[in-house]
Each structure stands twice: as structure tokens, then as C-alpha cells.
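Structure first, commentary second.
The values are calculated or read from the model by the stated rules, or taken from the named source; none is laboratory data. All figures in this text were calculated on a predicted structure; none of them were measured in a lab. For neighbour counting, all protein chains shown are included, and Cβ atoms are generated from backbone atoms with ideal geometry for every residue, glycine included.
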Amino acid sequence: DTGVSQDPRHKITKRGQNVTFRCDPISEHNRLYWYRQTLGQGPEFLTYFQNEAQLEKSRLLSDRFSAERPKGSFSTLEIQRTEQGDSAMYLCASSPTGEETQYFGPGTRLLVL
Amino acid sequence: GQNIDQPTEMTATEGAIVQINCTYQTSGFNGLFWYQQHAGEAPTFLSYNVLDGLEEKGRFSSFLSRSKGYSYLLLKELQMKDSASYLCAVRVWAAGNKLTFGGGTRVLVKP
């Protein structure tokens, strides 16, 4: 088991461009979470999947953000028309049903110029 | 919503003990987690408390008082590698098991 993986690890983009991040959870973990973390702050919840179903979305997730988990395995998070305020670390976590602990991936650090 | 407070920064000496406090206000409490996060890295799980009392794991211990909305993380025999941010997070019922994090406490261990 290699843990949660995320790709890319770093992304620099210009304002207005679209970006997509990928998360591969730990095998057989059916719960998957996206969080966003800015410097000096704790992670903030964005959205949550149980298998392929997106069950909760934070108010932080504006219309420019969309997340999918089409086959209940990997997930993608897309940000359209990026803004400088989107610059942050985007963290993915997974957990199996019945276990409380969420295991985090290394994150994707986004910088919007 | 949930309100989680923890000190911003603490400094301690190698070999010493440090206690990081976390207070929270929430309804539907369903567990409290502590994570360690080194700069630029992902949070890594340290401990989980859902019942009152002390949980001990080697050099790290975590305590919970649900009636007081209070937890602490105790780090003993501090090592230089313990310099990191420590995140307190609360889980609530009917919230998809999402975690709500405090701002983190940055611990600096000095020789």
C-alpha cells in the first residue's frame, strides 16, 4: 500500500486558466475528501465522496470548482478561471468505511500568478 | 458551525515536555483528532479520542474532556524532529465525517 497519491505536486498557472488535480486514494478506501490549506492555517473542507457519490460540498466550493470520482476510485478537482485567491495547498484524504482516521496525500501546491 | 482554538506557536527544549491545548465548541461531537504536519508536507495522523480520558502512544499522549470541550496533546522527550505544526480537528455527526481543523500550533524544538 503506497498511501494516498496526488498529481501534480506543484502547479503554477496564470489567472484565468483552468487547472485539474488528481487524487488516487488508498486502495479500497471508499471515502475520499478534498481540503484546501493556506499558509499558516489548518486545512478547510471542500468536498466528500462516498464511492462515486459526492455527498457534501462546502460553501467554499464556488461554481468555478468541480470534483468528480467517476468510478469510485481516483478523483479529480478542477478549478476554472483561476483567481489569485485560489493559491493554496489542495489536500486529498481517504478512509475506509467504519474507520475514523483520514489519511492525507502529499498535496498539490497551486500558485496563481 | 464549529469553533476550534489552539495556540499559534510554542517553543520548547530538546528532551523536555510540551502540552498543546485545544478547545472547541460544536454540536454533535463525534471525535477529536491530532495530526502532525511538517512544513510543506501532508498532515500525518497522531491520535484519536472520542471518549473522555487519556490515550497514550509512545512519546505522544492525547487527552479529551467532552464536557469541557477541551483536549490536549502531550509530547514527551522532545526531539528536534518534533518541530512541526500540530493540528487539532473535530468530527461531528451528520457531516460526512469531514474534519474541521484548528489553525494549528507550530512547535519549535530548540537544542
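Computed values, structure above
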| item | result |
| --- | --- |
| Number of the condition not met by residue A:85 [criteria: (1) of a type in the set (Gly, Ala, Ser); (2) farther than 30 Å from residue B:88 by Cβ; (3) free of Cβ contacts under 8 Å to residues at least 40 places away in the same chain] | (2) |
| Residues being assigned to a loop (DSSP other than H, G, I, E, B) and crowded, with 18+ Cβ neighbours inside 10 Å - total across segment B:4-25 | 1 |
| Single condition residue A:32 does not satisfy, out of (1) surrounded by 20 or more Cβ atoms within 10 Å (Cβ to Cβ); (2) touching a Leu at 6+ places or on another chain (Cβ under 9 Å) | (2) |
| Residue satisfying condition, being within 14 Å of chain A (Cβ to nearest Cβ) and part of a loop (DSSP other than H, G, I, E, B), within set B:78, B:87, B:51, B:64 | B:51 |
| Scope segment A:83-113; condition β-branched (Val, Ile, Thr), surrounded by fewer than 21 Cβ atoms within 10 Å (Cβ to Cβ) and over 16 Å from residue B:33 (Cα atoms); matching residues | A:97, A:112 |
| Checklist (1) crowded, with 17+ Cβ neighbours inside 10 Å; (2) touching a residue at least 40 places away in the same chain (Cβ under 8 Å); (3) under 29 Å from residue A:88 (Cβ atoms) applied to residue B:49, failing item | (2) |
| Top-ranked residue in segment B:90-111 [being under 19 Å from residue B:19 (Cβ atoms) and surrounded by fewer than 19 Cβ atoms within 10 Å (Cβ to Cβ); ranked as farthest from the other protein chains (Cβ to nearest Cβ)] | B:110 |
| Hits in segment B:31-43 - residues which are assigned to a strand (DSSP E or B) and either more than 29 Å from residue A:88 (Cα to Cα) or at pLDDT below 95 (or both) | B:31 |
| Filter result (in a strand (DSSP E or B), touching an Asp or Glu at 6+ places or on another chain (Cβ under 8 Å) and among the β-branched types (Val, Ile, Thr)) within segment A:1-44 | A:19, A:20 |
| The one condition in (1) part of a loop (DSSP other than H, G, I, E, B); (2) in contact (Cβ under 8 Å) with a residue 12 or more places away in the chain; (3) surrounded by 14 or more Cβ atoms within 10 Å (Cβ to Cβ); (4) within 14 Å of chain B (Cβ to nearest Cβ) that residue A:60 fails to fulfil | (3) |
